[in-house]
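These notes are about the structure you will find just below.
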Amino acid sequence: MSLPRITEILESNVDTTTSVRTFIDFAHHEIHEGDAFTASYRADVGNGANLDLLIVTPNTTKWAHLTYELDVGAETDMLIYEAPTATAGDAVVAYNRDRNSATTATVTVTSTPTGITTGTTIIRAYHLGTGKSFGGGARDVHEFILKQKRSTFSG
């Protein structure tokens, strides 16, 4: 390998925010690059009712990674469907995790979508509450790379 190539590789591992070599994990680095977003939604849901979120991904090869947390106070089923049909509801703001970045999210999240027909694939299902336990911090358990199509989250 040539010296110019080695220099190029070493310089490519420099964080643009701090100008130091990057020794942070990749997810943390994505925050520094302005390529990480977060969207939060909180609601009180009555017995027997649904809380639906619609996530629409762009048709690009820069795929959206989904991680999630769910806190419940009663028995709950949580389902994530792939490729549903629905009409978008109220916007849930996605914030860039680098608050100095002007980059905006290409994924849209809405609450209370209407006309929902669930997709044919359930990519995650949980039953929580009533003696069941849920918790922990393992990122790989709750991370998906979403298809270049719609996904919906129902809890």
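Comparing Ile31, Ile145, Ile122 in a Gaussian network model of the chain where C-alpha atoms under 10 Å apart are linked, the largest mean-square fluctuation is found at Ile145.
Springs join every pair of Cα atoms under 10 Å in this Gaussian network model of the chain, and among Val14, Val92, Val56 the largest mean-square fluctuation is at Val14. This ranking places Tyr81, Tyr95 by how few other beta-carbon atoms lie within 10 Å of each, fewest first, which gives Tyr95, Tyr81.
Calculated FRET efficiency, Ala83 and Ser40, Cβ-Cβ r, R0 35 Å, to nearest 0.05? Step by step, r from the Cβ atoms, then E = 0.90.
Counted residue by residue at 0.36 nm each, then reduced by the alpha carbon distance between them, the extension gain from Ala91 to Glu30 reaches 19.6 nm. In plain terms, the C-alpha convex hull of the chain casts an average shadow of 12.1 nm² when viewed from every direction.
Which length gain, in nm to one decimal place, applies between Glu69 and Ala125 when the Cα-Cα distance is subtracted from 0.36 nm times their residue separation? Computed gain between Glu69 and Ala125 is 18.8 nm.
Calculated [222 nm] ellipticity per residue, helices only, for the chain: -3000 deg cm²/dmol; basis is -39500 (n - 2.57) per DSSP H run with n ≥ 4, divided by all residues, nearest 500. On the basis of the beta-carbon distance and an R0 of 30 Å, Glu143 and Thr114 show a calculated FRET efficiency of 0.60.
Springs join every pair of Cα atoms under 10 Å in this Gaussian network model of the chain, and among Gly46, Gly89, Gly115 the largest mean-square fluctuation is at Gly46.
Each reported figure results from applying straightforward, stated rules to the coordinates on display, with no laboratory input. Please read these numbers as outputs of a predicted model, since none were measured by experiment. Positions of Cβ are generated from backbone atoms using ideal geometry, with glycine treated the same way; all protein chains shown enter the neighbour counts.
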